[in-house]
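**Student:** What follows is a single structure, and I will ask about it in a moment.
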Amino acid sequence: MLLLLNMELYTQVNPHPSQVKCNHRTKFASIGSCFSEHIARRLERYRFSVKMNPNGIVFHPEPLGRSMIKCIEGNLTCDLDLIDTPLGFVSLDHHGSFRSRNKEILLQSIQESEINFSKQLLASDVLIITWGTAWGYLNKENKNVVANCHKLPGNHFVKVLSDTQMMCENWEQLLNKTLSINPRLKVMFTVSPVRHTREGLIENQRSKARLIELAHRLTEKVPQTSYFPSYEIMIDELRDYRFYERDLIHPNALAVDIIWNRWVNTYMDEPTKLVMQKMDPLLMRLEHRGLHETAEETLERQREVGVLLGQLIL
């Protein structure tokens, strides 16, 4: 007997249709884990206005929220927030990319990043927030979950799994404050598709579950928020290891492209999607490295493509 089989070979995750539709006039801000930077870099590539991560990559909701509050209130990092380590001066609220042997240079770099992001955030139409983990390291001195331990001795910290309700209360207050200053802002939550296997797979699932629940609670409480299922797409649709880097943890370029395309289809309006399709061959031409081009020919090609790209997004 011939059986009619469903030939779909994977379970598709369908993001909820978004009422927010973006175009090249939309201003974006993006904060959070490395996935937030993947999205922001692609927005930059397609010539959208975007600023990202004033504190560098931050995975945990608590230090991420503190960085947002500082930008909103204009409360810049000061020299008292910096600590001297064998590797140079650092801030426990910042990623390791903010590090210098010179305290003044580091402080200037941090403050410039905070000022630039603050300006963009207050002018933005869309804020993309990507959380990576609910596991954090509590600084014993001030009881704050840090953004980065910077290889300081382990006895400075206590490992904690943050409570969903507490995170929700803190973020609801933060979002309401942000929206009181920038009422037109739309907030998109997503959870990083990168599994934090160093904690263990069971612990990773506990962590991701809390972040997903946090996002959904906030979308129920704050009308101007939405959720994009990047973690669910990675775990269900792209579960095969051909979509991972060699470490079998991080999504590879193909996986990020697939999730990015789903994000674009969810949040971009139809005319903008058509413009982005027209931009693709021009961007490939712009990024091409000509083996036999002179420096002058390369600059001329880049200028020519730049003009064509500018005409597309007018």
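The values are calculated or read from the model by the stated rules, or taken from the named source; none is laboratory data. Note that the structure is predicted; figures quoted are calculated from it, not measured. FYI the Cβ positions are ideal-geometry reconstructions off the backbone, even for glycines, and counts take in every protein chain you see.
**Student:** Which number in (1) more than 16 Å from Ser162 (Cβ to Cβ); (2) buried (at least 23 other Cβ atoms within 10 Å of the Cβ) marks the one condition that Gly56 misses?
**Tutor:** For Gly56, the exception is condition (2).
**Student:** Among the residues of the range 263-292, write down those that are among the charged types (D, E, K, R) and touching a strand residue (DSSP E or B) at 6+ places or on another chain (Cβ under 8 Å).
**Tutor:** Asp269
**Student:** Can you find even one residue in the range 170-183 that is closer than 23 Å to Ser118 by Cα and touching a Ser or Thr at 6+ places or on another chain (Cβ under 9 Å)?
**Tutor:** yes
**Student:** It is to be established whether one or more residues within the range 211-231 are aromatic (Phe, Trp, Tyr), crowded, with 20+ Cβ neighbours inside 10 Å and touching a Lys or Arg at 6+ places or on another chain (Cβ under 7 Å).
**Tutor:** yes
**Student:** Would you pick out the residues in the range 258-314 that are assigned to a helix (DSSP H, G or I), without any contact (Cβ under 8 Å) to a residue 12 or more places away in the chain and more than 29 Å from Cys34 (Cα to Cα)?
**Tutor:** Once the filter is applied, which keeps residues that are assigned to a helix (DSSP H, G or I), without any contact (Cβ under 8 Å) to a residue 12 or more places away in the chain and more than 29 Å from Cys34 (Cα to Cα), the range 258-314 yields Ala295, Glu296, Glu297, Thr298, Leu299, Glu300, Arg303, Glu304, Val307, Gln311.
Residue by residue, here is whether (1) in a helix (DSSP H, G or I); (2) free of Cβ contacts under 8 Å to residues at least 60 places away in the same chain holds:
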| residue | (1), (2) |
| --- | --- |
| Ile202 | yes, yes |
| Ser207 | yes, no |
| Leu211 | yes, no |
| Tyr227 | no, no |
| Tyr231 | yes, yes |
| Asp236 | yes, no |
| Arg246 | no, yes |
| Val256 | yes, no |
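Let's see how each residue does on (1) in contact with a Phe, Trp or Tyr (Cβ under 6 Å, 6 or more places away or on another chain); (2) basic (Lys, Arg); (3) surrounded by 14 or more Cβ atoms within 10 Å (Cβ to Cβ):
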site	(1), (2), (3)
Asp93	no, no, yes
Ser109	no, no, yes
Asn142	no, no, no
Cys149	yes, no, yes
Asn155	no, no, no
Met166	no, no, no
Gln173	no, no, no
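**Student:** Same structure again: Going through Val90, Val146, Val160 one at a time, which residue ends up being touching a His at 6+ places or on another chain (Cβ under 7 Å) and over 26 Å from Glu44 (Cα atoms)?
**Tutor:** Criteria check complete, one pass: Val90.
**Student:** OK, next. Of the numbered conditions (1) under 16 Å from Thr130 (Cβ atoms); (2) among the hydrophobic types (A, V, I, L, M, F, W, C); (3) free of Cβ contacts under 8 Å to residues at least 60 places away in the same chain, Met188 fails exactly one; give the number of that condition.
**Tutor:** (3)
Results for (1) farther than 17 Å from Pro63 by Cβ; (2) without any contact (Cβ under 8 Å) to a residue 40 or more places away in the chain; (3) under 18 Å from the mean Cα position of the chain (by Cα), shown as yes or no for each residue.
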| residue | (1), (2), (3) |
| --- | --- |
| Gln108 | yes, yes, no |
| Glu114 | no, no, yes |
| Phe117 | no, no, yes |
| Gly132 | no, no, yes |
| Leu138 | no, yes, no |
| Glu141 | no, yes, no |
| Asn144 | no, no, no |
| Leu152 | no, no, no |
| Val158 | no, yes, no |
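**Student:** Any residue at all in the range 153-165 that is under 17 Å from Leu64 (Cβ atoms), assigned to a loop (DSSP other than H, G, I, E, B) and not charged (D, E, K, R)?
**Tutor:** Yes.
**Student:** Only one of Ser18, Ser49, Ser36 is closer than 18 Å to Met188 by Cα and crowded, with 22+ Cβ neighbours inside 10 Å. Can you tell me which?
**Tutor:** Checking each option against the conditions leaves just Ser36.
**Student:** If you go through the range 137-179 one residue at a time, how many are of a type in the set (Gly, Ala, Ser), modelled with pLDDT of 95 or more and out of contact with any strand residue (DSSP E or B) (no Cβ under 7 Å at 6 or more places or on another chain)?
**Tutor:** The total comes to 1.
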